[in-house]
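Novice: Got a structure here, written out as structure tokens. Questions coming.
The values are calculated or read from the model by the stated rules, or taken from the named source; none is laboratory data. Source: prediction; values computed, not measured. Note: ideal-geometry Cβ built from the backbone for every residue, glycine included; neighbour counts use all protein chains shown.
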């Protein structure tokens, strides 16, 4: 249930933040929050959405993945948090 809800939420966030990113970079519109909104949040929500999409494909394609659905979800959360931490350390907010 949480994976489904987060997948839908991040889909909406990716669409909205991608539009804001284009408006800010191509048309010079000032977005409240600046780089945090137009780049960082787009990457964070996109990384979860991508990894969860791979999880869904694995579950539908392989029997072993369907049996380990909860472990895969925790792996997606862990990888997303690891990416966010790496991004904060290497690139910064």
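Novice: Can you tell me which residue in region 27-38 is farthest from residue 75 (Cα to Cα), limited to those that are surrounded by fewer than 18 Cβ atoms within 10 Å (Cβ to Cβ) and in contact with a helix residue (DSSP H, G or I) (Cβ under 7 Å, 6 or more places away or on another chain)?
Specialist: To start, the set of residues in region 27-38 that are surrounded by fewer than 18 Cβ atoms within 10 Å (Cβ to Cβ) comprises 27-37.
With in contact with a helix residue (DSSP H, G or I) (Cβ under 7 Å, 6 or more places away or on another chain) added as a condition, the list becomes 29, 31, 37.
Working: 29: 37, 31: 33, 37: 26 Å.
Going through the qualifying residues, I end up with 29.
Novice: Of the residues 17, 23, 6, 58, only one is surrounded by fewer than 16 Cβ atoms within 10 Å (Cβ to Cβ), touching a helix residue (DSSP H, G or I) at 6+ places or on another chain (Cβ under 7 Å) and outside any loop (DSSP other than H, G, I, E, B); which? Walk me through it before giving the result.
Specialist: Values: 17 fails: surrounded by fewer than 16 Cβ atoms within 10 Å (Cβ to Cβ); 23 fails: touching a helix residue (DSSP H, G or I) at 6+ places or on another chain (Cβ under 7 Å); 6 fails: surrounded by fewer than 16 Cβ atoms within 10 Å (Cβ to Cβ).
Checking each option against the conditions leaves just 58.
Novice: Failed condition for residue 50, given (1) at pLDDT 95 or above; (2) outside any helix (DSSP H, G or I), with all others met?
Specialist: In the conditions (1) at pLDDT 95 or above; (2) outside any helix (DSSP H, G or I), residue 50 misses (2) alone.
Novice: If you don't mind, another one. Looking only at region 72-88, count how many residues are more than 13 Å from the chain's Cα centre (by Cα), at pLDDT 95 or above and exposed (fewer than 13 other Cβ atoms within 10 Å of the Cβ).
Specialist: Summing the residues that are more than 13 Å from the chain's Cα centre (by Cα), at pLDDT 95 or above and exposed (fewer than 13 other Cβ atoms within 10 Å of the Cβ) in region 72-88 gives 3.
Novice: If you don't mind, there's one more thing I want to ask. Yes or no: residue 39 more than 20 Å from residue 6 (Cβ to Cβ) and within 14 Å of the chain's Cα centre (by Cα)?
Specialist: yes
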